[in-house]
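Notes for the one structure printed next.
Read the figures in this text as sums done on the coordinates, not as results from a lab. Everything numeric here is computed off the predicted structure, so don't read it as measured data. All Cβ positions, even for glycine, are placed from backbone atoms using ideal geometry, and neighbour counts span all protein chains on display.
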Amino acid sequence: MTSSSQLLIPLHVRYIQSLGENKDDLTYHLTAHLRMNAVYWGLTALCIMDHKDALSKDETIEYVMSCWVDEAGAFGPHPDHDPHLLPTLSAIQILVIHDALDRIDVPRVTKFILSLQQPSGVFAGDQFGEIDTRFLYSAVNALSLLDQLHQLDVEKTVSYIKQCKNFDGGFGAVIGAESHAAQVWVCTAALAILDRLDVIDQDTLAWWLAERQLPNGGLNGRPQKLEDVCYSFWVLSSLSVLRKVSWIDADKLTSFILSAQDTENGGIADRPGDLPDVFHTIFGVAGLSLLGYPGLVDIDPVYCMPANLIESKGLRKGWEALPRKAS
Amino acid sequence: MPDIAGDGPEEQPLFSERPDWTDVTPVPQYEGYNPIAPIFYTPQYYFRGIVKTNEKSERVLELTEAIIRLNPAHYSAWQYRYHTLLAIKAPLDAELKLMDSLAVQFLKTYQVWHHRRLILTAIYSPPPSNASGLNDPTATTSSSAKSKPSPESQAAARTELAFITRVLMVDAKNYHTWSYRQWLLAFFDDVHLWEGELGFVERLLEEDVRNNSAWHHRFFVVFGRGQLQGEEDRVAVLKRELSYTKDQIALAPNNASAWNYLRGILERTGTSFSNLRSFVEPYTKTHEDRLGDEEILDLENPAPSAEAELPCVAALEFLADIYEKDAVSKSVEIWKRLANELDTMRKKYWEYRIKEALKDVPVQS
């Protein structure tokens, strides 16, 4: 796997297209529990690389609807899997991208989402009861896309996030948990959607985020941990919301992301030399988009969806990415 | 990793070959499709079969265990297993022992840890009266009155903590493990357990002083949730924490976690950063510059060791923050040095600090 100084778009498009093809693969079966997320990641990556039509719209929508669990009024990750907030959000995002939101029973999905809010304000992912600010973000994002935010108890939701703020200005998965860049993003993005960025100590958090950059240009998720391409999104999008993307050395991060590409089979890995996957592919491409990499489409850092689409729905919040380079 | 709990899936016959499973109709995942490796898929097909009939029995436990071993992220299997355990009144302490082996094998899986929470909750606390059925001990609304911890539950808590400690020996920064430890401490809420945590954190920081999770846990125990337990004399606590943190910085100055902790405790206690000036200054110089300084042994302000990499960027940052109040030109000098020489990666940040500080400089009349 040799590194490259360019984003190999056609190769990555082909990689994403090939993901659903190998049903013989054991990995394909063992990842059924996140298939809906994977479809959303792949589709969004294609949109940002301006190849939205590389996957069949009809087949994708058919897959999404095959995951509908009627008793619950929600989506599972795969046919005959239990409903959960994460695949429900991904399903909504996919349908929004394909302008097919009318396929959803909005009142029932809204009811499912709201039923998962706990007395403390956080959300569970499903009836299993696991709580995490990731689920809080998923609920807020989903309700926003469904135009049902007015049904949310915003004060209760915001008060939970407030309590997750740590001494370093960051946020964790639950109250008391260590600050982690992915959790910082879900909390920051949720607050952005709810117009409550006042909860954040913005300069302190932006500095903590800037400190994620390591000498090799990559970003880590917490102090003194390894760099990983996915943090290119979590950290950069948070900084975009705080309007401080310039605090990251863009050239060094760009080189790092590009060096994690699989130049033979396509896709992007967590770091150079490792095997690629669709998760790191979307977040690497999304990070490059926020850095102004030429030839890419703008991504909305709050929703992790195409920016013009979010804007057309009147949902764009105040964020700033780096200007797109000409070449 | 040794398979502590016993047989792996390869040592057992296929479910399709077992006489005690002939009554269940396996439900294949994909119509008209022949998988290359059927051994892996059959447990999942049988799972779909028993879910359809809503069976809750011993053999369901066996089946869900097989699935979980293959795919620990299969959350439907976990859920169904939990409901089955309760329905057939299975011995939950045995379940915990099984989870011990799985937790180490599948450290980074959310479900393993959540299942553990559910089992412990089922054993040691009655269902909450507000009957959401879900476990959120950090809820700000007070849950039904907790009974005093019994000797049995105290012993269980210690065993659990010991288990978590063993897991942390494998991966000292595992996010789920630390989160679970916090949950456990809050769940049993026993003052003796909280007291033991300082020693625990110190042991871990001896292994790796750069373990950010351990530093965070220390804050949690001393100033966060743990603060509710004992430690009335907050002045003494601050003194102790400052002393400890300074010692760790002296050992390894270029340690972001320790400096973040220092800032955190100062801010939390409303202590001025300038109190730390004599401590911080030696770390902002090179070894050569320090040669001229008098070597006064100051136990309150441990100096950097001869091997320390100086100057320490975090120390310079800290000093600049001290100067910002009444000697902003000195702050600007430091920030320029950081931007152009010592921390060029974050040049834009340092330039921002300069700009902001100069904005606030009052105009001389």
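Got the relative contact order for the stretch A:114-192 handy, in percent, Cα pairs under 8 Å and 6 or more residues apart? Don't jump to the answer; show the numbers that get you there.
On the way: 106 pairs, mean separation 20.9, N = 79.
It rounds to 26 percent for the stretch A:114-192.
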Within the stretch B:262-327, DSSP-loop trypsin sites (Lys or Arg not before Pro) with at most 13 other C-beta atoms within 10 Å are B:Lys325
Here the whole-number average of other chain Cβ atoms within 10 Å per Cβ of B:45-52 is 1
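Excluding A:Ser259 itself, what net charge comes from residues whose Cβ is under 14 Å from its Cβ, given Lys and Arg +1 and Asp and Glu -1?
-4
Can you order the peptides A:260-270, B:348-358 by their average number of other Cβ atoms within 10 Å per residue, highest first?
Working: A:260-270: 21.2, B:348-358: 17.5.
In decreasing order of mean packing, A:260-270, B:348-358 become A:260-270, B:348-358.
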Most packed first (mean Cβ within 10 Å per residue), the peptides B:181-187, A:148-154, B:89-95 order as B:181-187, A:148-154, B:89-95
Expected sort for B:His176, B:His192 with the fewest Cβ neighbours (10 Å cutoff) up front is B:His192, B:His176
Kirkwood radius from Cα pairs of the stretch A:201-327 plugged into Stokes-Einstein at 25 °C, 0.890 mPa s, gives D in µm²/s equal to 169
The size of the Cβ-based charge dipole (Lys, Arg +1; Asp, Glu -1) of the stretch A:201-327 about the Cα centre, to the nearest 20 debye, is 380
Taking a crude spin-label model, label points 7 Å out from Cα along the C-beta direction, the A:Glu320 to B:Ile88 distance in nm is 6.2
Computed over chain A, the relative contact order (Cα-Cα under 8 Å, seq sep at least six) in percent reads 18
From DSSP H assignment alone, runs of 4+ in chain A each adding -39500 (n - 2.57), the sum over residues rounded to the nearest 500 puts [θ] at 222 nm at -13500 deg cm²/dmol
So A:Ser115 and A:Asn265, fully extended at 0.36 nm per residue minus their Cα-Cα distance, gain in nm 49.7 nm
Per its Cα gyration tensor (rounded if a/c is under 1.5, else prolate when a/b beats b/c, else oblate), the stretch A:204-273 is best filed as prolate
Note: B:216-222 gets an average of partner chain Cβ contacts (10 Å, Cβ to Cβ) equal to 4
One checks the Cα atoms of the stretch A:1-137 and finds Rg and Dmax, in Å, of 16.4, 52
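Of the listed peptides A:194-201, B:96-103, what is their order by residue-averaged count of other C-beta atoms within 10 Å, with the highest listed first?
Details: A:194-201: 15.6, B:96-103: 18.0.
Those peptides, ordered most packed to least, come out B:96-103, A:194-201.
Which whole-number percent is the relative contact order of the stretch A:201-327 (Cα, under 8 Å, 6+ apart)?
Computed over the stretch A:201-327, the figure is 22 percent.
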By the Kirkwood definition, with r running over pairs of different Cα atoms, the stretch A:85-230 has a hydrodynamic radius in Å of 16.0
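Using unit Cβ charges (K, R positive; D, E negative) and no other charged atoms, how large, in debye to the nearest 20, is the dipole of chain A about its Cα centre?
760
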Listed by chain and number, the residues whose amide H is under 5 Å from that of A:Ile299, excluding neighbours fewer than 5 places away on the same chain and using placed H, are A:Ala307
Computed on Cα atoms, the radius of gyration and Dmax of chain A in angstrom are 18.6, 52
Answer in debye to the nearest 20: the dipole magnitude of the stretch B:226-308 about its Cα centre, from +1 Lys/Arg and -1 Asp/Glu charges placed on Cβ, is 380
Per principal axis, largest first, the Cα atoms of the protein assembly as shown extend in Å by 87, 68, 49
For B:Lys325, counting only lysines whose alpha-carbon sits under 20 Å away and dropping same-chain residues fewer than eight positions off, the answer is B:Lys336, B:Lys355, B:Lys359
Counting lysine pairs in chain A that sit 8 or more positions apart or on different chains, with Cα atoms under 26 Å apart, gives 27
Counting other chain Cβ atoms within 10 Å of each Cβ in A:161-169 and taking the mean gives 4
